[in-house]
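The values are calculated or read from the model by the stated rules, or taken from the named source; none is laboratory data. Please read all numbers here as calculations on a predicted model, not as lab measurements. With ideal geometry, Cβ positions are generated from the backbone for all residues, glycine too; neighbour counts draw on all protein chains shown.
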Amino acid sequence: MISKQRMKIVSTNQIAKDTIEMVLKNSYISENAIPGQFIHILVEGHTLRRPISIADVDKDNETVTILFKKLGSGTEKLSESKAGDFLNVLGPSGNGFETSTEGLHTVLLIGGGIGVPPMYYLGKSLAKQNIHVISVLGFQSKDHVFYEEKFQQFSKTYVVTNDGSYGDKGFVTSVIPNVGEFDRYYSCGPLPMLKAITNELSEKEGFISLEERMGCGVGACFACVVPTNTEKGYKKICSDGPVFAAREVIL
Amino acid sequence: MSLLQVNLPGLHLKNPIMPASGCFGFGREYSQFYDLSKLGAVIMKVATGSERFGNPTPRVAETASGMLNAIGLQNPGVEKIIENEVTFLSQYDTSIIANVAGSTIEEYEYVARTFNNTKAVHALELNISCPNVKEGGIQFGTDPKMAAKVTEIVKKASNLPVYVKLSPNVTDIVAMAKAVESAGADGLSMINTLTGMQINLASKRPIIANKTGGLSGAAIKPIAIRMIYEVKQHVHIPIIGMGGISSAEDVLEFLLAGASAVAVGTANFSNPLICSDIIDELPTTLERYGFDAVEDAIGKAVMNE
């Protein structure tokens with residue numbers, strides 16, 4: 001269940017261009033978080049909280065890792081926080097990835113830019129359950145690449161950059177035909193990427209994680225809705241999602 | 001009588017604190033954070049005649065000391081609200097206020113009448129001030145004659161006390177208040193959001209898909225205080241005050257300006273426990289400023305003139 005918590009910053013590091021990795025300590029969130037969920041962080045001087053996806057969880061050390069990009073005044077301010085500071089957080093929020101593994105042999109993870117972080121905890125968890133994992137990670141350019149070695153620890157990992165400055169040149173979709181067979185895919189990244197993937201892989205079972213500007217982050221304010229094929233016609237990204245079956249949402 | 005108690009038409013409130021319409025859904029999400037029986041009342045998310053899907057996203061954008069929103073009155077329609085949401089909320093020991101909107105006078109009338117048989121609903125808040133829909137809403141909220149007409153028709157259709165929610169997007173707020181008072185309103189609720197816009201420098205387009213949105217949060221508090229203060233001097237019906245409240249001190253300021261109760265909106269987003277926190281802090285705040293009860297503070301700043 002979602003709860004208001006204080007999380008102590010254990011460490012904070014810039015790991016790629018404009019990209020910050022923070023390790024946060026809190027027993028409640030680390031105990032309850034599942035892959036694909038997010039935490040909603042209050043940033044001093046800002047009215048709206050910032051939703052940041054959970055990139056990793058270490059239950060033994062009671063820590064949660066988040067990665068975020070400095071994209072505006074909120075994330076800029078958040079990046080100035082130091083080890084030892086406390087963050088006011090709601091979480092764990094939202095519904096995470098489908099991780100039932102019955103009949104599952106191989107999965108494909110497709111992460112684009114700051115959509116890569118939730119793929120990490122998911123891939124790690126699936127690999128632990130002896131699922132064969134393949135990862136395709138897309139970044140703008142060499143300066144933006146992160147976590148390649150970490151993904152390599154549990155998966156065959158392909159890296160693409162838009163400008164070709166690292167790995168293959170192009171988009172994640174150009175690599176997918178070369179990765180071999182898989183039973184299910186998981187993806188998180190910019191909307192144009194998700195649109196291309198869900199079109200291209202429409203025959204496959206897939207789960208995607210969406211992002212949107214949020215208000216409350218708990219499902220009350222109807223700011224972050226996405227149209228769906230269901231009778232209701234919409235779902236709330238913050239509370240029904242952020243993860244959805246690729247077929248149920250209209251992008 | 002309890003220190004925090006307030007009596008208004010149709011509403012016997014154990015305290016003057018209620019979440020504002022649209023910022024609290026129908027209470028379900030916040031019920032995981034605290035017992036909603038603690039609240040003086042709950043103003044539900046809007047009800048229209050039939051289901052509405054609202055505006056395209058993005059629907060919110062942060063601003064300096066506030067935010068813009070253009071949700072577009074998304075709601076499941078009055079029947080489903082009564083069936084599912086009022087039923088849920090009525091398990092709590094709190095008053096329920098239904099927020100009523102429509103595109104036409106007939107739709108307002110229909111929604112208001114549909115609530116007549118719902119015993120758990122104690123009052124209506126007439127939403128004539130939503131800035132984010134193309135038809136209805138704001139048109140009724142910016143013309144005193146239209147506002148009076150919709151108030152009169154809803155009053156006739158409803159057997160519940162009617163609080164008319166005023167828009168600040170007008171030149172003369174007192175004229176609006178007087179018009180709906182003469183038309184039979186039992187109370188006022190003010191203020192709704194102020195129409196605003198924010199442009200993304202990179203995309204060179206407004207952030208909100210609807211282009212404009214309603215500004216709320218701390219940024220609008222002085223406007224709400226000024227408008228309530230002005231209106232209080234000219235009308236005799238009670239005012240539910242709102243606009244940027246995030247602390248017990250803010251509540252006292254609204255009471256002094258002339259509000260008899262208050263609604264807390266945007267602050268629920270940064271702190272889901274804000275209403276509960278304010279209720280806990282209010283007695284100490286009242287005492288610190290020399291008041292024995294909420295009722296003693298109402299309109300004090302106006303009387304001091």
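Structure data summary
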| read-out | value |
| --- | --- |
| Which listed residue is out of contact with any Ser or Thr (no Cβ under 6 Å at 6 or more places or on another chain), touching a residue at least 12 places away in the same chain (Cβ under 8 Å) and buried (at least 22 other Cβ atoms within 10 Å of the Cβ), from A:MET22, A:MET7 | A:MET7 |
| Of all residues in the range A:14-28 being polar (S, T, N, Q) and closer than 15 Å to A:ASP143 by Cα, the one that is nearest to the other protein chains (Cβ to nearest Cβ) | A:THR19 |
| Pick from the range B:6-32, criterion outside any loop (DSSP other than H, G, I, E, B) and among the hydroxyl-bearing types (Ser, Thr, Tyr), ranking: nearest to B:GLN74 (Cα to Cα) | B:TYR30 |
| Listing of strands (runs of 3 or more DSSP E) fully contained in the range A:56-158 that carry 2 or more residues being of a type in the set (Ser, Thr, Tyr) | A:63-69 |
| Some residue of the range B:248-269 being over 14 Å from the mean Cα position of the chain (by Cα), within 14 Å of chain A (Cβ to nearest Cβ) and surrounded by fewer than 20 Cβ atoms within 10 Å (Cβ to Cβ) | no |
| For B:ILE17: the one exception among (1) under 25 Å from B:ILE208 (Cβ atoms); (2) under 16 Å from the mean Cα position of the chain (by Cα) | (1) |
| Qualifying strands (runs of 3 or more DSSP E) (wholly inside the range B:116-229; at least 3 residues being more than 25 Å from B:GLU79 (Cβ to Cβ) and within 14 Å of chain A (Cβ to nearest Cβ)) | B:213-216 |
| Test for B:LEU3: is it touching a residue at least 60 places away in the same chain (Cβ under 8 Å), surrounded by fewer than 23 Cβ atoms within 10 Å (Cβ to Cβ) and away from chain A (no Cβ under 14 Å) | yes |
| Conditions (1) touching a residue at least 40 places away in the same chain (Cβ under 8 Å); (2) farther than 15 Å from A:GLU211 by Cα; (3) not assigned by TED's automatic domain parsing to the domain that holds A:THR198; number of the one not met by A:GLY74 | (1) |
| Matching entry among B:LEU8, B:LEU13 (being touching a Pro at 6+ places or on another chain (Cβ under 7 Å), more than 12 Å from chain A (Cβ to nearest Cβ) and touching a residue at least 40 places away in the same chain (Cβ under 8 Å)) | B:LEU8 |
| Strands (runs of 3 or more DSSP E) within the range B:33-72 that include 2 or more residues within 12 Å of chain A (Cβ to nearest Cβ) and out of contact with any strand residue (DSSP E or B) (no Cβ under 6 Å at 6 or more places or on another chain) | B:60-63 |
| Residue in the range A:211-228 that is surrounded by fewer than 16 Cβ atoms within 10 Å (Cβ to Cβ) and within 14 Å of chain B (Cβ to nearest Cβ) present | yes |
| Positions within the range B:26-75 being of a type in the set (Lys, Arg) and modelled with pLDDT under 95, in sequence order | B:ARG52 |
| Count - residues of the range B:73-100 that are assigned to a loop (DSSP other than H, G, I, E, B) and within 14 Å of chain A (Cβ to nearest Cβ) | 4 |
| Residue within the range A:93-102 that is surrounded by 21 or more Cβ atoms within 10 Å (Cβ to Cβ), hydrophobic (A, V, I, L, M, F, W, C) and modelled with pLDDT of 95 or more present | no |
| Failed item in (1) within 14 Å of chain B (Cβ to nearest Cβ); (2) crowded, with 23+ Cβ neighbours inside 10 Å, with A:VAL172 passing the rest | (1) |
| Selected residue (criterion: farthest from the other protein chains (Cβ to nearest Cβ)) from residues of the range A:44-83 that are over 20 Å from A:PRO118 (Cβ atoms) and of a type in the set (A, V, I, L, M) | A:ALA83 |
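Conditions tested, residue by residue: (1) of a type outside the set (Ser, Thr, Tyr); (2) at pLDDT below 95.
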residue	(1), (2)
A:VAL116	yes, no
A:SER125	no, no
A:GLN140	yes, no
A:GLU149	yes, no
A:THR161	no, no
A:ASP168	yes, yes
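Here is a yes/no grid of residues against (1) loosely packed, with under 15 Cβ neighbours inside 10 Å; (2) away from every other protein chain (no Cβ under 14 Å); (3) in contact with a helix residue (DSSP H, G or I) (Cβ under 6 Å, 6 or more places away or on another chain):
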| site | (1), (2), (3) |
| --- | --- |
| A:GLU181 | yes, yes, no |
| A:SER187 | no, yes, yes |
| A:LYS195 | yes, yes, no |
| A:LYS236 | no, no, no |
